[in-house]
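Single-structure report; data block below.
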Amino acid sequence: MELRILSPVSPVAVKKNDQKRMDIDGEDTPVHLVNPGETITTDQQFMRGHGTYADGENVVVSAVAGSVERVNKLLSVRPLKTRYTPEIGDIVVGRVTEVITKRWKIDVNGKQDAILLLSSVNLPGGVQRRKNESDELHMRQFFAEGDVLVAEVQSFYVDGSMGLHTRGFKFCKLRNGSFVNVPPVLVQRCKTQFHTLPCGVDIILGLNGYIWVNKKPQGLPENNTEEVDTTIMYSNTNDEITYEEREVIARVCNCITALAKRYMHINDTVLIYTYEASLVYTVKELLKVDVIDSITTEASQRMHEA
C-alpha cells in the first residue's frame with residue numbers, strides 16, 4: 001500500500017500566488033512562515049536550500065516549520081526553534097561543564113559542547129609564552145565547572161564541535177549579573193554583540209541564545225590598546241551591587257523574557273524601547289501576560305516608526 005503525504009497547500013494555488021509571495025527583494029515584505037510539508041514555490045528558477053526538499057518537478061517543499069529566507073535564487077527555511085548553528089567569528093556566552101586535559105568543555109546551546117583549549121586563553125599577568133604542565137595543573141584558577149564566560153568561535157573540529165578562544169580584552173569570566181536563555185533565532189547579528197544600555201547596565205547578546213546582563217566589572221579596560229589585568233578577568237568575586245542596580249538588571253532581564261515570549265527579534269534598540277515602556281510597571285508586574293503584551297506592542301510600534 002502506497003502512502004503519500006500531500007502538501008497542505010495545493011501546487012495550483014501556490015502557483016497563482018507564487019510571484020507575489022516570492023518577490024521579497026524589499027525590506028518591508030512581511031515574513032513568510034511555512035509548516036512542514038507546505039509547498040513554497042513551483043517556479044523552476046529557484047533552488048532549494050536548507051530546510052527544504054524537492055517533491056516532484058520544480059516543487060520546493062518545506063521540511064520544517066519556520067520562515068522562508070531567500071538569497072538570490074536560493075530558498076531555505078530557517079526553523080523557528082532549533083539548536084544553535086555556529087559560524088566562525090560568532091560571539092557566544094557559555095557555561096563550563098567539564099575540565100579535562102588541556103581544555104574545557106563549554107555548553108553553548110549547540111548540538112555538542114564547544115572546546116576551549118588551554119592555549120586559547122590569556123595567562124595571568126598577560127605573559128606571552130607556551131603553556132606548560134604548571135598551567136595545566138592550575139586550569140581551575142582560570143575557569144572552573146559552572147563558570148559563565150564569553151568567547152568567540154575560532155574553528156571547527158572534524159567531529160563538528162566548535163573551538164573557542166578568549167584572547168582579547170572583552171572575553172572573560174562573567175560576573176555581577178544575570179543569565180537569560182532565549183531561542184537563538186531571536187538574537188539579531190549586530191555590529192557588536194556588546195552593548196551598554198542608557199540605564200547603565202552592560203549586555204552581551206550571545207548569538208547562541210545565551211544573554212548576559214550585568215554591571216560592568218571594575219578594572220576592565222575600555223579598549224584593546226589598554227593593558228589587560230587577567231587577575232580581574234578570572235576573578236570569582238562580584239563587585240558591590242546596590243539595590244537600584246539589581247533592580248535595573250532584573251528589569252532588563254524581564255524585558256528580554258517578554259520579547260522572547262512574544263517571539264520578537266532581540267537587539268539593543270528594541271530592548272531600549274521595551275525597557276522605557278516598562279518603567280510604568282514594577283519589576284514583578286513585567287511577568288504578567290497583559291503587561292508583556294503592552295510593553296512589547298509599544299516597542300514594536302516605535303521600531304516601525306523609527
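Distances between placed amide hydrogens fall under 5 Å for PHE156 paired with GLY163, all partners being 5 or more residues away or on another chain.
Packing-based ranking of 249-259, 49-59 yields 249-259, 49-59, ordered from highest to lowest mean Cβ neighbour count within 10 Å. You can think of it this way: the chain between GLU285 and MET264 has 5.6 nm of extra reach, that is 0.36 nm per residue less the Cα-Cα gap. Sorting GLU244, GLU38, GLU98 by solvent-accessible area of protein heavy atoms yields GLU244, GLU98, GLU38, largest first, with a 1.4 Å probe. The label-point distance for GLN45 and GLU136, in a model that sets each label 7 Å from Cα toward Cβ, rounds to 6.0 nm. Would you tally the net charge around TRP212, using a Cβ to Cβ cut-off of less than 13 Å, leaving TRP212 out, and scoring K and R as +1, D and E as -1? With Lys, Arg at +1 and Asp, Glu at -1, the net is +4.
May I ask which of LYS173/LYS261; LYS261/LYS284; LYS111/LYS261; LYS170/LYS216; LYS111/LYS170; LYS81/LYS111 have a Cα-Cα span longer than 18 Å here? Too far apart for the 18 Å limit: LYS173/LYS261; LYS111/LYS261; LYS111/LYS170.
The values are calculated or read from the model by the stated rules, or taken from the named source; none is laboratory data. Because the structure is predicted, anything quoted here is derived from the model rather than measured. Backbone-built Cβ (ideal geometry, glycine too); neighbour counts: all protein chains shown. These area figures cover heavy atoms from the full protein model, side chains too; ligands, DNA and RNA do not enter into them. Shrake-Rupley method; radii C 1.70, N 1.55, O 1.52, S 1.80 Å.
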